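Some notes on the structure that comes next.
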Amino acid sequence: MFRYLTVPVTAFAQNCSLVWCDQTLQAAVIDPGGDLDLLLEEVDRLGLTLKQIWLTHAHIDHAGAAGELAERLGLPIVGPHPADQFWIDGLPEQSRMFGFPAAKTFTPTRWLQDGDTVTVGQCTLAVRHCPGHTPGHVVFYASEAKRAFVGDVLFAGLIGRTDFPQGDHDTLIASIKQRLWPMGDDTVFIPGHGPESTFGQERRSNPYVADAR
């Protein structure tokens, strides 16, 4: 069965998630932006074996520690979509700009495309390309568990910013409505920041994407 634990990291309180298969205790970490010692303490506490790094996108608070973690433990980096290459290349500059520890650039072991899947242990998640916040943003969807890890595409009551380079508001709205809503109103999503919500709740009340808008 699929399990997860969300651990806020960095000064931006980014929701990094440990996801794992409870049959094998093999795990992946989604968006290790920083605070690696804290993350690895949780891995040890839960008795997990960390196998992969999955990235929704390459902003510093989501990807800042991915290169270091991959190097330290010999892990593959999976994602995001190749359109975020320029954000990966700019990680050292991002770290200076926002006062983060120096970030390593890297080349993902595997880029992701819309319709791909990722697997940890016996659990498989679907990948959807959801550009708008960044051009290469992806989300991970565990259909049986009805959980979606959406990075900075959607938040409880809000949507992702689109004022960064290659962000686009109309593209983001289309990603939410065309790629997220079909996952079902009862799907719980884990955003990149802040509390969880459901797609149904956002369709009812989110002022940016509500159905009645």
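Put a plus charge on the Cβ of each Lys and Arg, a minus charge on the Cβ of each Asp and Glu, and nothing anywhere else: the dipole of the chain about its Cα centre is then about 320 debye. Placing unit charges on the Cβ atoms only, positive for Lys and Arg and negative for Asp and Glu, gives the range 75-120 a dipole magnitude near 200 debye about its Cα centre. Taking each DSSP H run with n ≥ 4 as -39500 (n - 2.57) and averaging over every residue of the chain yields -6000 deg cm²/dmol at 222 nm.
Taking a ≥ b ≥ c as the square roots of the eigenvalues of the alpha carbon gyration tensor, the range 62-138 is oblate, as a/c is not under 1.5 and a/b does not beat b/c. Taking amide H positions as modeled 1.01 Å from N, with prolines and chain starts lacking one, the residues under 5 Å from GLY136 and 5 or more places away or on another chain are ASP84.
Label separation (ALA13 vs THR124): 3.8 nm, computed from points 7 Å beyond Cα along the C-beta direction.
Here the relative contact order of the range 2-205, from alpha carbon pairs under 8 Å that lie six or more residues apart, stands at 16 percent.
What does the charge count around THR162 come to, taking other residues whose C-beta lies under 13 Å from its C-beta (Lys +1, Arg +1, Asp -1, Glu -1)? The partial results should precede the final answer.
Working: positive: ARG161; negative: ASP152, ASP163, ASP168, ASP170.
Summing Lys and Arg as +1 and Asp and Glu as -1 gives -3.
Working from label points 7 Å from Cα in the Cα-to-Cβ sense, the GLU42 to ASP185 distance is 3.1 nm. Based on alpha-carbon centroids, what's the gap between the range 31-60 and the range 103-159 in Å, whole number please? Taking the Cα centre of each part, the range 31-60 and the range 103-159 sit 15 Å apart. In order along the range 92-107, the phi-based Karplus estimate (6.51 cos²θ - 1.76 cosθ + 1.60, θ = phi - 60°) of 3J(HN,Hα) comes to x, 5, 4, 5, 5, 5, 9, x, 8, x, 3, 9, 8, 7, 7, 10 Hz; Gly and Pro are listed as x. One quarter of the surface of the convex hull around the alpha-carbon atoms of the range 105-159 equals 4.9 nm², the direction-averaged projected area. Straight-line cross-link partners of LYS146 among the lysines, defined as a Cα under 26 Å from its Cα and at least 8 positions apart when in the same chain: LYS51, LYS177. Between GLY115, GLN26, GLN166, the Cα set farthest toward the positive side of the dipole of the range 2-205 (charges on each charged residue's Cβ, about the Cα centre) is that of GLY115.
From most to least packed by mean Cβ count within 10 Å, the peptides 119-132, 36-49 give 119-132, 36-49.
Computed from the coordinates by the stated procedures, all read-outs in this text should not be read as laboratory data. Predicted model, so just to flag it, every value in this text is computed and none were measured. Please note: Cβ atoms are built from the backbone with ideal geometry, for glycine as well, and neighbour counts cover all protein chains shown.
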